[in-house]
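Scroll down for the structure; my scribbles are underneath it.
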Amino acid sequence: MLRPTPGAIVMAVYEPDPELFRRQIRSIAAQTVADFTCVISPDSDPAPIRALLDEAAPGDGRFAVVDTGGVRLGFYLNFERGLLSVPPQTEWIALADQDDWWYPEKLEVLLPHLATHGMVSGQARLVQYPSGEVLGTTERRNGSLERLILSNQFTGSLSVLRREVLDLALPFPRLSTRAAAHDHWLAVCAAATSGTHITTDVVQDYVQHSANVFGDPTSMPSRPSVLQSWRNARKMSRSAEGGDDVLAVVRTTYNVYVGWREAMTATLARRRHDAASLGVLERSFGPRRRLRALLPNLRVAVRDGYVPRGFAVQYLASWLCGTVSARRRRD
């Protein structure tokens, strides 16, 4: 058994499936790296979570449920709440979902890479629940800071990071959209400081079911239909804007793609002491972005298979929506 520096596992939970939650807790408890605290942040009443935890890992003092008072923050900010609760002596952090299943050696495989990188991800087997059907494996690919801002390749539940990344990442950028993703922001912060790495090791089962917040992002269709894109945009708009009229859809479409990346870039520029080095990044993604700076990188990302062609089309549509909504605000 490895005996590394003390670490923390942060799990954000919301009304979990009891069977999957108990199984996940047991898989974490069985890790070959045992020196950790598991911080569980419930986005609902903590009492049922404590009861399930007592069933899954009775008497295991490494697990602690944050007393959130049942305050609902949503997936993104609940992970921030969990990270803010990490013990100060922690030197590494792993992120966990409430319904996956970790292989016993997951931490043992990933943690050594933190010697040279700020954030590390493995791969996962995609498993349908409850059938148990294996759908395939993830194919995450590392990239430059610019590419990682464009397309997130880091699923939080597959990742570990150095504590120092939180010095730049917390508090999280605020944006009223479900596109704001904790793992995307953490990967960007790591890439901007000590670098990122993705291994080929399959370290867990990534459970796919109807209640997934995101599911596997690599399953996005290469050429989504116009009708399906419109339906998705209206659905997200109802959640983010409280309505699905044309202007609400325009604002949501902008925020989901271009707006979220602008928020990350602007936050990074404010917090970095060497913000001048982010000039190229700001020309593509910042508040004063230029399409001529973005297009060459977007074309290469599509050519290399880093993003699907459908993503590029939707990203450019989001850019157009940003132009329209900005004009509307000026009128």
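No value in this document is a laboratory result; all are computed from the given coordinates. Treat the numbers as computed from the prediction; the structure is a model and nothing was measured. Don't worry about glycine lacking a Cβ; one is built from the backbone with ideal geometry, like all the others, and counts go over all protein chains shown.
Give the relative contact order (percent, whole number) for segment 1-52; include only Cα pairs under 8 Å separated by 6+ residues. Walk me through the numbers before you get to the answer.
Numbers: 49 pairs, mean separation 29.1, N = 52.
Value for segment 1-52: 56 percent.
Evaluate the distance, in nm, between pseudo-label points positioned 7 Å from the Cα of Glu55 and of Gln128 along their respective Cα→Cβ axes.
2.7 nm
Return the Cα extents of segment 33-178 along principal axes one, two and three, sorted largest first, each rounded to a whole Å.
42, 38, 33
Going by amide H atoms built from the backbone, whose H comes under 5 Å of the H on Gln208, apart from near neighbours?
Residues meeting the criterion, in which the H sits 1.01 Å from N, are Val127, Gln128, Tyr129.
Using a 10 angstrom cutoff on alpha carbons, build the Gaussian network for the chain and name the most mobile of Pro87, Pro130, Pro104.
Sorting by GNM fluctuation, first place goes to Pro130.
Determine by what factor the alpha-carbon radius of gyration of the chain differs from 2.2 N^0.38 Å, reporting the quotient.
Details: Rg = 19.8 Å, N = 331, 2.2 N^0.38 = 20.0 Å.
For the chain, the normalised Cα radius of gyration is 0.99.
What is the sum of charges around Val300, taking Lys and Arg as +1, Asp and Glu as -1, for the other residues whose C-beta is under 14 Å from the C-beta of Val300? Spell out each step's value before the answer.
Details: positive: Arg141, Arg147, Arg299, Arg303, Arg309; negative: Glu146, Asp304.
After counting each charged neighbour, the total is +3.
Quick check: the angle from helix 291-303's long axis to the longest principal axis of the chain, C-alpha only, nearest 10 degrees?
50 degrees
Using 0.36 nm per residue of separation minus the Cα-Cα distance, give me the extension gain between Leu73 and Gln228 in nm, one decimal.
Values: separation 155, 0.36 × 155 = 55.80 nm, distance 2.87 nm.
Full-extension gain reported as 52.9 nm.
Given a cut-off of under 8 Å on Cα pairs at least six residues apart, what relative contact order in percent is computed for the chain? Walk me through the intermediate numbers first.
Details: 558 pairs, mean separation 53.1, N = 331.
Contact order relative to length: 16 percent.
For a quick check of your reading of the filter: which trypsin sites (Lys or Arg not before Pro) in segment 68-172 sit in a DSSP loop and have no more than 16 other Cβ atoms within 10 Å? Each step should come with its number before you reach the end.
Numbers: sites: Arg72, Arg81, Lys106, Arg125, Arg140, Arg141, Arg147, Arg162, Arg163; in loops: Arg72, Arg140, Arg141, Arg163.
Sparse-neighbourhood loop trypsin sites (Lys or Arg not before Pro): Arg72, Arg141.
What's the FRET efficiency of Asp274 with Arg303 using the Cβ-Cβ distance as r and R₀ = 35 Å, to the nearest 0.05? Kindly include the intermediate steps, with their values, before the conclusion.
Details: r = 31 Å, r/R0 = 0.88.
Approximately 0.70, to the nearest 0.05.
What does the charge count around Pro48 come to, taking other residues whose C-beta lies under 13 Å from its C-beta (Lys +1, Arg +1, Asp -1, Glu -1)?
Working: positive: Arg22, Arg50; negative: Glu15, Asp17, Asp43, Asp45, Asp54, Glu55.
After counting each charged neighbour, the total is -4.
Restricting to DSSP H runs of at least four residues, report the calculated mean residue ellipticity at 222 nm for the chain, -39500 (n - 2.57) per run over all residues, nearest 500 deg cm²/dmol. Walk me through the intermediate numbers first.
Working: 13 runs with 139 residues, N = 331.
That comes out to -12500 deg cm²/dmol.
Using θ = phi - 60° and the Karplus curve 6.51 cos²θ - 1.76 cosθ + 1.60, what whole-Hz ³J(HN,Hα) does each residue of segment 141-150 get, with Gly and Pro shown as x?
After applying 6.51 cos²θ - 1.76 cosθ + 1.60, I find 10, 6, x, 5, 4, 4, 6, 5, 5, 4 Hz.
Non-local amide H neighbours of Ala12 (under 5 Å, H modeled in plane, Pro and chain starts lacking H): which ones?
The answer is Ser41, Ala96.
Rounded to whole Hz and in sequence order, give me ³J(HN,Hα) for segment 104-121 from the Karplus expression 6.51 cos²θ - 1.76 cosθ + 1.60, θ = phi - 60°, writing x for Gly and Pro.
With coefficients 6.51, -1.76 and 1.60, one gets x, 9, 3, 5, 4, 6, 7, 4, x, 6, 6, 5, 10, 9, x, 8, 9, 10 Hz.
Of Ser41, Pro112, Pro173, which is farthest on the positive side of the dipole of segment 7-208, counting Cα position, with +1 on Lys and Arg Cβ, -1 on Asp and Glu Cβ, and the Cα centre as origin?
Of Ser41, Pro112, Pro173, it is Pro173.
Tell me, Asp245, Asp201, Asp35, Asp97 in order of fewest to most beta-carbon neighbours within 10 Å?
Working: Asp245 10, Asp201 18, Asp35 14, Asp97 23.
Going from sparsest to densest Cβ surroundings: Asp245, Asp35, Asp201, Asp97.
Mind listing the long-range amide H neighbours of Tyr103? Cut-off is under 5 Å, sequence gap 5 or more, other chains count too, H placed in the peptide plane at 1.01 Å from N.
Amide H neighbours of Tyr103: Gln204, Asp205.
Need the C-alpha centroid separation for segment 8-60 versus segment 297-326, integer Å.
After rounding, the separation between the Cα centres reads 38 Å.
Among Gly122, Gly156, Gly132, whose mean-square fluctuation peaks in a Gaussian network model of the chain (Cα, cutoff 10 Å)?
Of Gly122, Gly156, Gly132, the most mobile in the Gaussian network model is Gly132.
With label points built 7 Å along Cα→Cβ from the Cα atoms of Lys235 and Thr116, find their separation and express it in nm.
A separation of 4.1 nm, rounded to one decimal place.
Could you derive backbone 3J(HN,Hα) for segment 24-29 from the dihedral phi with the Karplus parameters 6.51, -1.76 and 1.60 (θ = phi - 60°), listing whole Hz in sequence and x where the residue is Gly or Pro?
Running phi through 6.51 cos²θ - 1.76 cosθ + 1.60 with θ = phi - 60° gives 5, 4, 5, 5, 5, 4 Hz.
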